[in-house]
1. Using the count of nearby Cβ atoms within 10 Å as a rough guide to exposure, how do 114, 13 rank from fewest to most?
2. Relative contact order for the stretch 5-159: what percent, with Cα pairs under 8 Å and sequence separation of 6 or more?
3. Could you work out the relative contact order of the stretch 70-132, using alpha carbon pairs under 8 angstrom and six or more residues apart, expressed as a whole percent?
4. Please report the spacing between the Cα centers of the stretch 57-128 and the stretch 1-37 in Å, no decimals.
5. Under a point spin-label approximation (7 Å from Cα along Cα-to-Cβ), what is the residue 156-residue 69 distance to one decimal in nm?
6. Between residue 23 and residue 47, what's the calculated FRET efficiency when r is the beta-carbon distance and R0 is 35 Å? Round to 0.05.
7. So how far apart, in nm, are the two label points at residue 139 and residue 37 if each is 7 Å from Cα heading toward Cβ?
8. Relative to the present Cα-Cα distance, how much length would full extension add between residue 147 and residue 2 at 0.36 nm per residue of separation?
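Computed from the coordinates by the stated procedures, all read-outs in this text should not be read as laboratory data. Bear in mind the structure is a predicted one, so any value in this text is a computation, not a measurement. Backbone-built Cβ (ideal geometry, glycine too); neighbour counts: all protein chains shown.
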Ligand SMILES: [Mg+2]
């Protein structure tokens, strides 16, 4: 349940070609540490990447666990994609909403994010294609650091 189907250094490394080869017609994107860093700075070339997927008719929706609606809305508006905030991943609630927006079968949807216990677990529970990316920036809190260390241990065992 915690094993990602694929791993990339950053979202912008995931090509439309790769997605198509894996029968993916839509993607759900995490925001924090996936599209923007902890200082809210967007990942380099991320808008260009979003446009490259759109051009290939791959549907996109944001699902963030953040409760900061304004922050998520700003990112979504800039890229002109629908968004869900406070999505409670790995619970199915928010991801189900995303499926309604995307109108695609779960097996044809990739859920992309930087955390095993929210993004990957959520995707696998929904039988979506889970893609783990590396967090853009390091953790700022002790708790965040511990979480990352635990993830590393799990990843080593899984992959
Ligand atoms: Mg994240």
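1. Working: 114 23, 13 12.
Result, fewest neighbours first: 13, 114.
2. Relative contact order comes out at 27 percent.
3. 28 percent
4. What the calculation gives is 11 Å, centre to centre.
5. 4.3 nm
6. Details: r = 26 Å, r/R0 = 0.73.
Efficiency computed from Cβ-Cβ geometry: 0.85.
7. 1.9 nm
8. 50.8 nm
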